[in-house]
Amino acid sequence: MALTNGHVNGTNGVNGHAHQLYGRFSDIPAVIDIPVRGEDGEEAVNLDLVDLIDETDELCDLLENENAARNYWITIALAYAKQKKVAIAIDILQKGLGALRAGRGEDRLSMLSCLCWLYLWMCRRAVRKPMQSADDVPNKDYWLKLGTQTLNDASRINPSYAPLYLARGTLYLLRASMQTPKERADTLKQAAKSFDEAYRLSGQKNIMAVLGKARVQFSLGRFAESLALYQQALQSAPDMLDPDPRIGIGCCLWQLEHKDAARGAWQRSLDLKPDENIIANVLLGLSYLDESSQYASSDSQFRSLYSKAMTVHTQAAFKMDAMHALTSATLGEYFLRRQNWDNVERLGRRAVEQTDVGAIASDGWYLMARKEHYLGTDLTKAAEHYNKADVARGGDEKGFLPAKFGGAQLKTLMGDLDGAKFRLDKIISGSNAATGGGQKSVEAMTLLGMLYAEEVFANQAAAGKEDKTVEQKKAIGLLEQVRVIWKDPKRKGSPDAAVLLNLARLYEQEQPEKALACLQHVEQMELDDIADDDERLPDEIGEATEERRAKRELLSPQLLNNIGCFHFQADRFTEAREDFQTALNSCVKMGERDASLDTDALVSTISYNLARTYEAEGMNEEARRIYDGLLERHPNYTDANARLAYLSLSAAPADGAEAIKQLMESDPSNLESRALYGWYLHRSKKRTHNLPEDVEQKHYKDTLQKFDKHDMYSLVGMGNLHLAVAREMRRETDQDKDRRSKTYMRAVEFFDKVLTLDPRNAFAAQGLGIAMAEDKKDTNAAIQIFSKVRESLKGLSGSVHLNLGHVFAEMRQWSRSIENYELALSRSAKERADGKPDPQILACLGRVWLMRGRQEKKLEAYQTSLDLSKQALELAPENVSFRFNVAFVQIQLTQLLIGLPEAQKSLQDVEQAGHGLDDAINAFIEIAKSPNPPFPRGDLEARANMGRNTMKRQLAGAMEKQAEYERKNASRLEEARRRREEEIKKREDDKRKAEEAAEEQRRKVKEERDRMAEEDREMVRRKLEEDRAREEAEMTVDEETGERKKRERKPREKRQKRKKKRRSRATSGEPGTGSEAEPGRRKKRRKLERKGQAVRASKYKSKETVEESDEDEDGDGAVPAEGTEVGGDGDEEVPMDEAMGEKLEEEQEAAARPMLRKKAARVLHDDEDEDEDEDGAAAADGDAAMEVNGVGEPEDE
């Protein structure tokens, strides 16, 4: 007998609990008997449900003529559906509804419910949207409308029919997959309500409703709630295989970042159902693909995981169902990497058409977009596909990050750089799902940083005037963030050489050290890529240094050349020379490996750089040899000719001057040659204050008028000439001052012209600052200009520090002036070929120290100035001005010492000044006789005469006074030194005596402590001997056995205890034989504490005994209480002195030796005599009784 539709589809809440396996269509029988009416009564037609035919007209006519029940129609339809012939199944149910048109509503309801489920099934299998012109192909919307219509018809018959709620929830799920993200949330909430109602009506037994609710929660992004529902379904039906809750559990775990557990769930599903388990295979393949992304493509682990993902799982799933959307999307990515564009297009379209999941449709659109993007034939179509891929996952703030990035790439290819920047900046700034859960996209930052960098480079190449500082900072910031991400082990980023090379170009001008670090990082990356067994390496390689050198020769020569240039700029000439030589070797090996390569340009450039390095190291012959070799191959190599001329000028000035002239005459239009000639004229010309007669000015003017009016070297040279002339012009009259100011303004015009052409020209900026300081006396503006130049040069030139020193000297800020002069001096030593400092800067530094000494009246400043002036003269002994400076400082020093108080100078200083004065007098006389003295001869001779006559006489008097002062001062110093020594000696004696007294006190304290400790030990010893003596007194010898035993007490008669109002304390002794009522007995007396008062703890209980006295004062029965002493043969109780006990206790504590003592307990002695053997038991029972009655409570009398 066929089963009902509800039971087969699992919608009635039973879900097949009577069966062992939960499989789809598992209850469809193989054969069914259809009852028919025959001549002999009821007969049956046997129908095979396994081998079904496509023609069903006769079968439907039979069912209709025989008025077959709905179960037969439904069972047969489901048998066709089981064989994927859903269209025939739908046709059978539609004919069945026509046959049962006049039947009961319950029959039609079951068939409508089954038909609705088949429509929903067809909706899952239908295309998402017809992508071809074939309008006859029903899409998902078509089947969804039919399902909705059928569900409404069924609801009109019985709206509370439980299976309809399950169908309605599934319908809402399918509808939500077709909607936009904004509409999807409301539809999913309606689906959740339908599943809740289905679950409620089934009495919390409908597993399919639980699975539907879990799917809703997953679609809403509530993965933890969805996981709980899937686990509930699996717990209720652990043998359900189709649908399998383990698939949903794995998906939730994957979203919750428990990827290993998710893979385990999918693997378990595949183990239970190895055949036709498409989704488990595909998900396992994706999990292995995800794991393989953590390894480099060259890693063996990557190949193993990738092969397992594609061949073991993804291809297996594709063989099971070639139309499965997720399988198509996954396999499409495989063909995309292999550039099999036909398969990519086909699989991408299939993924879009066959899925009802937005993410899978997004993958399909993305595959087709990548294909069009790579081919580049239709970028507009590629952009459209990228946009659809993004929208399918939510678009806007959510969306699909790779699709957004692809759209930005297309904008770049189409030349819309602003649009690309906008998209990339939006990707980076978003902290949402599109950006990886708050992590910025490395690819987006890389591309945006390179776009900004290219904008900066393009402006530099075009010599544009637009300021691109903002773009440069943005590019550096983004690319540096990418470098930081490379170091994050969680992101697993790998360094990109393109990022480092762009950063190096951005850092080149302002931060060359960082640029060098980037290039060295690229170098190390390329070295790491060279295997140790590379065939290009020589067979025998020595130590690690030789191996590295051999590998470096396999690197790009351009990279090595750039590294060498940065080393050269940083004055690391040894490293630069090694880099250039390695680059040349690399060029040679490139030519050997590929003869078609033209490396001549590279070899020429690197050879020239190597020659410049030889020059910087002072190896001029090697440099000359390289320049000659370059000129043999390229006779018109102007730079090489210029360097040779310069070398000739250094070696032989006459030959060098002729070589420079020939160089300019050979190519007059070459601006580099003209600049070199201008430099030569500046050094060798005769100084004149008449500009029209200056040969250097004529040369610059000729260059600007005839060759290039924007030649910046000539413009700066003209400005410097006007500055020099204006500085030396007279300024006595107003006309002189006006003429001088106009000359300065003319210099400013030249500098301003240069800054218009190149805003970063440091030489023009410094010239402008000098004019501001000398002409306008605007030192603040000059300092601002020089400070900006200093920041831009980053210590590459000492001229800016020299100018700052001049300005601060004018402002009388001596410390800052000296600091800048010293920086300029150290830089000049590095710039000069001989490595010595510039004497001009030494002269300026000596001048500042002299001015500081004159203001502060400090002898040390004058002496420092004299030392610096002498150093400048040693470096340039032929310079008359430097000799005058030394003589002038010596005269000034002598004048200071003449007027300086005796306490602030020494006789040695005065004597040295006397020798210096003689040298200065001789120097002034010689300078006056020189051909070109710096001052008029008469002034020099007058100064010499003043020194010879007046100053020598004054210095002699000062010397006598100083000698007398030092003689008197020496005796006072000696007396003071003697008193000081005596005071120090007395202080040391007092200190020694105090230490000896303290040591004696410590010794006495130690002896006292030792004595007290010994007394304590002796006291404890005596106490222990007394205790042993007392114990010996209590022992006796047994007459029978001869053994020692404790002395027995004499028994005494028991006396009758008086009656008490309440029960007396229990005792453990046996009654004695004494009289029970003895007349004249006195009452017991007992000393007790008040109730609630703490009992005083003491080791000895002499005050806590119970005293009793008999009328006859018979002492035979006296029992010694605890804490009493037994002496001799007497029986009298002798209480121990309490004070003695406390003293012993204190002594024991002082000796710090803890004594073992018994637990203090209050014991009451009754009148009954007890044997010696029973004393312990009686004491124990007495203790217990006291605990019951309460400590310190008196008994009733």
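At 0.36 nm per residue, and after removing the present C-alpha to C-alpha distance, how many nm does the segment from GLU1043 to ASN459 gain when stretched out fully? Present the calculation step by step, with values, prior to reporting the outcome.
Values: separation 584, 0.36 × 584 = 210.24 nm, distance 12.20 nm.
Difference between extended and current length: 198.0 nm.
Just to check, using Stokes-Einstein with a Kirkwood Rh over alpha carbon pairs, what's the diffusion coefficient of the range 440-491 at 37 °C and 0.692 mPa s in µm²/s?
Details: Rh = 11.6 Å.
Reported coefficient: 282 µm²/s.
If you build the convex hull over the alpha carbons only and average its shadow over all orientations, what do you get for the range 769-817? Give it in nm² to one decimal. Walk me through the numbers before you get to the answer.
Working: hull surface 11.9 nm².
Across all orientations, the range 769-817 yields a mean hull projection of 3.0 nm².
With a threshold of 27 Å on the Cα-Cα distance, the over-threshold entries among LYS259/LYS398; LYS308/LYS551; LYS661/LYS698; LYS706/LYS753; LYS661/LYS686; LYS381/LYS421 are LYS308/LYS551. Calculated FRET efficiency, ASP736 to VAL588, Cβ-Cβ distance, R0 = 60 Å: about 0.35 to the nearest 0.05. Given R0 = 25 Å, the distance between the Cβ atoms of LYS145 and LYS84 translates into a calculated FRET efficiency of 0.65. Distance between the 7 Å Cα→Cβ label points at ASN340 and ARG1002: 9.4 nm.
Ignoring ligands, DNA and RNA, what percent of the accessible area of the range 230-319 is carbon or sulfur (1.4 Å)?
Working: 2150 of 4350 Å².
Carbon and sulfur: 49 percent of the exposed surface of the range 230-319.
Which whole-number value in Å² is the accessible area per residue of the range 440-491, probe 1.4 Å?
For the range 440-491, the per-residue accessible area is 55 Å².
Multiplying the residue separation of GLU543 and GLU810 by 0.36 nm and removing their Cα-Cα distance gives an extension gain of 90.1 nm. Taking amide H as placed 1.01 Å from N in the peptide plane, THR56 has no amide H partner under 5 Å among residues 5 or more places away or on another chain. Rounded to the nearest whole Hz, the Karplus-based 3J(HN,Hα) values (6.51 cos²θ - 1.76 cosθ + 1.60, θ = phi - 60°) of the range 1022-1033 follow the sequence 4, 5, 5, 5, 5, 5, 5, 5, 5, 5, 5, 5, with x at glycine and proline.
Summary of the geometry: the range 276-330 and the range 730-808, compared by the centres of their Cα atoms, lie 71 Å apart.
What is the gain in length, in nm to one decimal, between ARG625 and LEU413 on full extension, counting 0.36 nm per residue of separation less the C-alpha to C-alpha distance?
On the way: separation 212, 0.36 × 212 = 76.32 nm, distance 4.86 nm.
Going from the current span to full extension adds 71.5 nm.
Highest mean packing first, where packing is the average number of other Cβ atoms within 10 Å per residue, the peptides 297-310, 170-183, 976-989 line up as 170-183, 297-310, 976-989. Within the shell defined by Cβ-Cβ distances under 13 Å, the residues around TYR374 carry a net charge of +2, with Lys and Arg each +1 and Asp and Glu each -1. For the range 278-290, backbone phi angles converted through the Karplus equation (6.51, -1.76, 1.60; θ = phi - 60°) give residue-by-residue couplings of 5, 5, 5, 4, 5, 5, 5, x, 5, 5, 5, 5, 4 Hz, Gly and Pro being listed as x.
Summarising the amide proton neighbourhood of VAL127: residues at separation of 5 or more, or on other chains, whose placed amide H is nearer than 5 Å comprise LYS140.
Using just the C-alpha positions of the range 241-321 as equal point scatterers, what log10 of I(q)/I(0) does the Debye formula give at each q in 0.12, 0.13, 0.24 1/Å? At q = 0.12, 0.13, 0.24 Å⁻¹ the computed log10 ratios are -0.33, -0.38, -1.10.
Once you reduce the range 957-1009 and the range 1025-1043 to the center of their Cα atoms, the two points are 77 Å from each other. Put simply, when 654-664, 839-849, 82-92 are sorted by average Cβ atoms within 10 angstrom per residue, most first, you get 839-849, 82-92, 654-664.
Relative contact order of the range 241-321, taken over Cα pairs closer than 8 Å and 6 or more residues apart, is 26 percent.
Per-atom-type breakdown for the range 739-866 gives carbon and sulfur 51% of the accessible area (1.4 Å probe, protein chains only).
Placing a label point 7 Å from the Cα of LYS182 along the Cα-to-Cβ direction, the residues of the range 355-397 whose backbone N falls under 20 Å from that point are 358-359, 387-397.
For the range 530-665, the spread of Cα positions along the three principal axes, ordered from largest to smallest, is 57, 33, 23 Å. Ranking ALA382, GLN315, PHE400 by how far each Cα lies toward the positive end of the dipole of the range 307-409 (charges on Cβ) leaves GLN315 at the top. The accessible-area ordering, largest first, of the residues ILE247, ILE279 stands as ILE279, ILE247, per a 1.4 angstrom probe. Amide H contacts of VAL45: ILE34, VAL36, each under 5 Å away and 5 or more positions distant or on a separate chain (H built 1.01 Å from N in the peptide plane; Pro and chain starts excluded). With a Förster radius of 22 Å applied to the beta-carbon distance between ASP48 and ARG125, the computed FRET efficiency rounds to 0.30. Remark: relative contact order (the range 440-491) = 47 percent; criterion is Cα-Cα distance under 8 angstrom and separation of 6 or more residues.
Heavy-atom surface analysis with a 1.4 Å probe gives the range 440-491 a carbon and sulfur content of 55 percent of its accessible area.
Each part gets one Cα centre, and for the range 68-93 versus the range 473-538 those centres are 67 Å apart.
Surface calculation, 1.4 Å probe, protein heavy atoms: ARG215 sits at approximately 90 Å² accessible.
The values are calculated or read from the model by the stated rules, or taken from the named source; none is laboratory data. Please read all numbers here as calculations on a predicted model, not as lab measurements. Backbone-built Cβ (ideal geometry, glycine too); neighbour counts: all protein chains shown. Quick note on the areas: whole protein, heavy atoms, side chains included, nothing else; ligands and nucleic acids left out. Shrake-Rupley method; radii C 1.70, N 1.55, O 1.52, S 1.80 Å.
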